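Here is the structure we will look at, set down as structure tokens.
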Amino acid sequence: MHVKAQIGMVMNLDKCIGCHTCSVTCKQVWTNRPGTEHVWFNNVETKPGMGYPKRYEDQEQWKGGWTLDKKGKLQLKAGGQIKKLVNIFWNPNLPTIDDYYDPWTYDYATLTNAPLTDRDPVVVPESQLTGKKQPVTWGPNWEDDLAGAPEYARRDPNLEAMEQQVAFEFEQAFMFYLPRICEHCLNPSCVASCPSGAMYKREEDGIVLVDQQKCRGWRFCVSGCPYKKVYFNHNTGKAEKCTLCYPRIENGLPTVCSETCVGRLRYLGVVLYDADRVEEAASTPDEKDLVEAQRSIFLDPDDPDVRAQASRDGIPDDWMDAARRSPVYALAMRYHVALPLHPEFRTLPMVWYVPPLSPVMDAVESMTYDTDPDDIFPAIDSLRIPVQYLANLLTAGDTETIRFVLKRLAAMRRYMREKEVGGEVNRAEAASVGMETDELESLYRLLAIAKYEDRYVIPKAHTELGDRMMIQQGACGLDFDGGPGNCGIVAPQRPFDSHFMLVEWAEDGFPDNAGLTDPAEEGETISLLDMLPRHRPSQPEAAG
Amino acid sequence: MTVTEALLWVALPYVATVIFIGGHIWRYRRDQFGWTCRSTQILENRLLAPGSILFHYGTLAAIGGHALGILVPASLTAFFGITEAYYHIISAGAGTVASIAVLAGLIILIYRRATVRRVWVTTTWLDIAAYTALTVVILLGVWDTVVTNTFGGGYDYRSTVAEWFRSLLIFQPKPSLMTNVPFMYRIHVTLAWLLYAVWPFTRLVHAWSAPFQYLGRPYILYRRRFAPSGRFQIGARR
């Protein structure tokens with residue numbers, strides 16, 4: 001057992017109203033720059049729908065994530081290291097800008113400079129890539145609220161994988177929102193796909209970052225990520241991705257998307273996991289066992305053996321304390337109501353979801369209210385959102401796990417209603433889903449009324465141990481074009497495993513440091529890129 | 001040795017090499033962030049596939065051919081029983097195939113950059129300089145390979161150009177070897193030095209980042225933010 005800590009997230013889809021506040025605030029903070037117009041580290045998709053970029057979930061098309069070879073060994077789905085080098089001049093699996101959307105703006109000067117006329121002046125959309133006027137034919141959220149569903153939603157890979165037919169007539173349609181960020185996976189295929197070794201997982205908190213100094217723009221991370229949450233900045237020629245707002249996380253603050261979520265549906269907390277068993281869990285033969293396999297490598301922070309080993313592995317005491325209070329651990333492991341997104345990609349994602357319940361209760365109430373509580377459960381299969389659809393999204397198609405979670409959530413609501421309205425405590429209700437009444441009430445409090453400090457249990461980074469922070473400055477994913485970072489140096493690489501490797505930051509003057517030096521000693525760094533005028537269209541100010 | 005010969009066949013190669021090496025060191029130390037191939041694949045995918053693949057593999061073949069023709073003395077190939085006629089067939093044949101690949105790739109890439117507006121707007125004047133230098137050098141090289149060597153009478157560059165190049169490597173330059181070299185060879189060589197001189201300042205630097213270290217590397221990389229207990233540990237798991 002080798003204990004590592006990870007900052008994980010859970011989103012309660014039951015509460016997402018699709019307002020896109022998370023997307024907009026994230027965009028304003030992180031990707032409001034030339035080169036990242038099409039980039040949304042956080043986006044909210046309406047499901048069913050093709051998603052962003054189009055059909056990203058279809059790995060037969062995009063070849064993201066991992067697969068098992070004939071011997072049962074974990075391999076990148078797009079091919080191994082030799083195949084990557086052979087394909088380095090042209091990546092056969094890379095989405096193009098049109099798979100995201102051609103970013104556009106408007107010629108706002110037309111409005112401000114318009115003379116007094118009888119007719120209102122109109123602005124015409126123009127591409128932010130070329131400056132040319134062009135009609136808008138696709139956008140980051142073109143399918144919002146099932147817009148165009150008869151045409152587009154059927155091409156949702158999760159729907160295509162369903163046996164039963166799904167109708168898109170108004171009376172039968174279903175939908176819910178799926179907010180997505182980088183999954184900060186335990187077994188990240190983007191990191192594995194990066195030929196330059198520029199991508200890495202932080203040992204302390206599991207955040208996956210791109211070293212902007214080391215990235216050479218080979219683009220295999222973009223295609224290697226099955227969630228398509230690594231993006232190519234077409235201005236700098238480097239990859240960028242969600243940073244889990246690590247400057248905030250290090251200070252004990254939630255990410256911007258969490259902080260600004262009006263539905264308060266996001267939870268952030270520490271999860272301890274056994275780093276020795278990550279590859280084993282990701283290699284689980286049957287896809288449907290992957291959720292349980294991932295759960296099996298999460299470690300119980302109350303277990304004395306785990307605590308002892310965590311201490312030996314250098315997990316600070318306050319992190320152990322945070323792990324015990326972690327809402328993410330509670331939802332995923334104590335109550336078993338959170339599930340990972342597309343576990344079949346075998347990346348062991350660390351942003352989990354509570355499946356949406358609201359449409360469930362409508363159906364359940366109409367059929368079974370005030371009858372035998374056991375009768376809730378048959379109704380689960382005649383819900384508006386098909387169990388199979390949720391299963392394709394969250395459990396690699398295993399409907400039993402979805403039913404289990406939905407039953408717990410349904411039972412929780414029913415129990416709480418009976419308690420609040422009728423004043424009676426129904427132990428049978430709790431027992432029917434394998435829980436004690438106090439557990440059911442704790443789950444209710446966590447899902448319904450948890451306060452800021454209950455939803456975000458984030459231990460601060462240990463700056464007193466950060467004796468080498470200066471030399472890492474800039475290599476941590478913040479030094480993009482227009483970003484706040486600066487140059488840094490990177491270390492020699494030393495193997496410790498066939499699948500995993502710890503790359504140490506270099507001390508000053510490492511001979512094999514490949515000529516990189518501390519900018520503090522060398523004076524200011526330059527960027528040839530920044531010095532060059534380009535034929536780019538002028539970037540108007542953001543819509544105002 | 002005239003002044004022109006001294007400049008073209010002694011000074012230019014050494015100055016270009018100094019700029020080439022020094023420029024790379026300077027750029028690598030100061031401009032890690034700008035060190036990228038600056039791919040435009042995300043902006044245009046279809047033309048890039050034949051263009052980039054033909055160009056790069058053709059170029060690799062051409063580089064290999066240059067290494068064979070220039071660095072390996074004729075006496076060495078003769079020692080292994082490769083006659084001049086046999087060598088000529090190999091070099092002209094393989095050279096023509098590589099030439100066609102490079103040229104076809106280059107034409108597609110230039111067409112793409114010039115006509116696809118999404119790609120064109122990302123183009124800097126340094127890109128144009130690199131493209132121009134590459135195009136001229138490649139056109140001349142293709143001429144020398146295809147027109148002179150394959151379909152023409154052939155030219156034994158191994159006894160002149162190659163010997164001159166190796167004389168530069170051992171710092172005993174023999175510029176007189178270049179005096180009677182055909183004009184098209186001389187201008188190919190001269191402009192190639194200019195290409196080397198602009199190389200470090202363009203996106204061509206990505207050639208040195210060919211990620212061979214990826215082969216055999218463990219897939220997942222961790223980096224440690226803080227030194228455990230202040231002590232610098234390498235590769236330690238526990």
Any hit, segment A:178-186, residues being touching a residue at least 60 places away in the same chain (Cβ under 8 Å), of a type in the set (Asp, Glu) and in contact with an Asp or Glu (Cβ under 8 Å, 6 or more places away or on another chain): no
Check on A:VAL166, open to solvent by 10 Å² or more (accessible area, probe 1.4 Å), among the β-branched types (Val, Ile, Thr) and more than 20 Å from A:GLU344 (Cβ to Cβ): yes
Scope segment B:41-58; condition more than 7 Å from chain A (Cβ to nearest Cβ) and open to solvent by less than 40 Å² (accessible area, probe 1.4 Å); matching residues: B:GLU44, B:GLY51, B:PHE55, B:GLY58
Residue in segment A:74-82 that is more than 14 Å from chain B (Cβ to nearest Cβ), part of a loop (DSSP other than H, G, I, E, B), within 24 Å of the chain's Cα centre (by Cα) and not polar (S, T, N, Q) present: no
Residue that is farthest from the other protein chains (Cβ to nearest Cβ), among those in segment A:171-183 that are aliphatic (A, V, I, L, M) and open to solvent by less than 10 Å² (accessible area, probe 1.4 Å): A:LEU178
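Given the criteria of a type in the set (D, E, K, R), surrounded by fewer than 19 Cβ atoms within 10 Å (Cβ to Cβ) and within 9 Å of chain A (Cβ to nearest Cβ), does B:ARG38 qualify?
Answer is no for this residue.
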Residues located in segment B:60-105, provided they are open to solvent by less than 60 Å² (accessible area, probe 1.4 Å) and not small (Gly, Ala, Ser): B:ILE70, B:VAL72, B:PRO73, B:THR77, B:ILE82, B:TYR87, B:THR96, B:VAL102, B:LEU103
Selected residue [farther than 18 Å from A:ALA153 by Cβ, open to solvent by 30 Å² or more (accessible area, probe 1.4 Å) and under 17 Å from the mean Cα position of the chain (by Cα)] from A:THR67, A:THR31, A:THR21: A:THR21
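Could you tell me whether segment A:338-348 includes any residue that is of a type in the set (Phe, Trp, Tyr), surrounded by 23 or more Cβ atoms within 10 Å (Cβ to Cβ) and either touching a Leu at 6+ places or on another chain (Cβ under 8 Å) or under 16 Å from A:LEU446 (Cβ atoms) (or both)?
no
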Residue match in segment A:19-31 (condition: free of Cβ contacts under 8 Å to residues at least 60 places away in the same chain and among the hydrophobic types (A, V, I, L, M, F, W, C)): yes
All positions within segment A:298-310 that are surrounded by 13 or more Cβ atoms within 10 Å (Cβ to Cβ), in a helix (DSSP H, G or I) and away from chain B (no Cβ under 14 Å): A:VAL306, A:ARG307
Residue list for segment A:242-253, restricted to those being crowded, with 24+ Cβ neighbours inside 10 Å and over 12 Å from A:VAL29 (Cβ atoms): A:LEU244
Enumerated helices (runs of 4 or more DSSP H) restricted to segment A:386-494, each holding at least 1 residues that are over 23 Å from the mean Cα position of the chain (by Cα) and at pLDDT 90 or above: A:399-417, A:427-432, A:437-444
Test for A:LEU186: is it on the phi < 0 side of the Ramachandran plot and crowded, with 17+ Cβ neighbours inside 10 Å: yes
Residues (within 20 Å of A:ARG277 (Cβ to Cβ) and touching a helix residue (DSSP H, G or I) at 6+ places or on another chain (Cβ under 9 Å)) located in segment A:328-337: A:TYR329, A:ALA332, A:MET333, A:HIS336
Tally, over segment B:126-152, of residues that are out of contact with any Leu (no Cβ under 7 Å at 6 or more places or on another chain) and part of a helix (DSSP H, G or I): 16
Residues satisfying the stated conditions in segment A:40-49, i.e. more than 17 Å from the chain's Cα centre (by Cα) and either modelled with pLDDT of 95 or more or of a type outside the set (Gly, Ala, Ser) (or both): A:PRO48
Residues of segment B:1-21 classified as loosely packed, with under 15 Cβ neighbours inside 10 Å, among the small types (Gly, Ala, Ser) and under 17 Å from B:ALA207 (Cβ atoms), total: 0
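With the requirement that a residue be small (Gly, Ala, Ser) and touching a residue at least 12 places away in the same chain (Cβ under 8 Å), what does segment A:265-321 give you?
The answer is A:GLY269, A:ALA275, A:ALA281, A:ALA282, A:SER283, A:ALA293, A:SER296, A:ALA310.
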Failed criterion for A:GLY217 (all others in (1) more than 24 Å from A:LYS27 (Cβ to Cβ); (2) out of contact with any helix residue (DSSP H, G or I) (no Cβ under 6 Å at 6 or more places or on another chain); (3) without any contact (Cβ under 8 Å) to a residue 24 or more places away in the chain hold): (1)
Selection count, segment A:311-341, where residues are under 26 Å from the mean Cα position of the chain (by Cα) and assigned to a helix (DSSP H, G or I): 15
Selection count where residues are more than 14 Å from the chain's Cα centre (by Cα) and either open to solvent by 20 Å² or more (accessible area, probe 1.4 Å) or β-branched (Val, Ile, Thr) (or both), scope segment B:202-218: 4
Residues satisfying the stated conditions in segment B:182-238, i.e. at pLDDT below 85 and more than 7 Å from every other protein chain (Cβ to nearest Cβ): B:SER229, B:ARG231, B:GLN233, B:ALA236
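This table checks each residue for (1) at pLDDT below 95; (2) surrounded by fewer than 15 Cβ atoms within 10 Å (Cβ to Cβ).
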{"residue": "A:PHE89", "(1), (2)": "no, no"}
{"residue": "A:PRO92", "(1), (2)": "no, yes"}
{"residue": "A:PRO95", "(1), (2)": "no, no"}
{"residue": "A:TRP104", "(1), (2)": "no, no"}
{"residue": "A:ALA109", "(1), (2)": "yes, yes"}
{"residue": "A:LEU116", "(1), (2)": "yes, yes"}
{"residue": "A:ASP120", "(1), (2)": "yes, yes"}
{"residue": "A:VAL124", "(1), (2)": "yes, yes"}
Exclusive hit being touching a His at 6+ places or on another chain (Cβ under 7 Å) and of a type in the set (A, V, I, L, M), set A:ALA275, A:ALA310, A:ALA282: A:ALA275
Residue count, segment B:153-163 (criterion: assigned to a loop (DSSP other than H, G, I, E, B) and at pLDDT 85 or above): 3
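In segment B:146-162, which residues are touching a residue at least 60 places away in the same chain (Cβ under 8 Å) and open to solvent by 20 Å² or more (accessible area, probe 1.4 Å)?
B:GLY154, B:ASP156, B:TYR157, B:SER159
Take residues that are within 12 Å of chain B (Cβ to nearest Cβ) and tell me which of the helices (runs of 4 or more DSSP H) falling wholly in segment A:187-293 contain 2 or more.
Qualifying helices (runs of 4 or more DSSP H): A:189-193, A:220-224, A:246-249, A:278-282.
The values are calculated or read from the model by the stated rules, or taken from the named source; none is laboratory data. As the structure is a prediction and not an experimental result, all values here were calculated from the model. We place every Cβ from the backbone using ideal geometry, glycine too, and count neighbours over all the protein chains shown. What goes into the accessible areas is simple: the full protein's heavy atoms, side chains included, and nothing from ligands, DNA or RNA. Shrake-Rupley method; radii C 1.70, N 1.55, O 1.52, S 1.80 Å.
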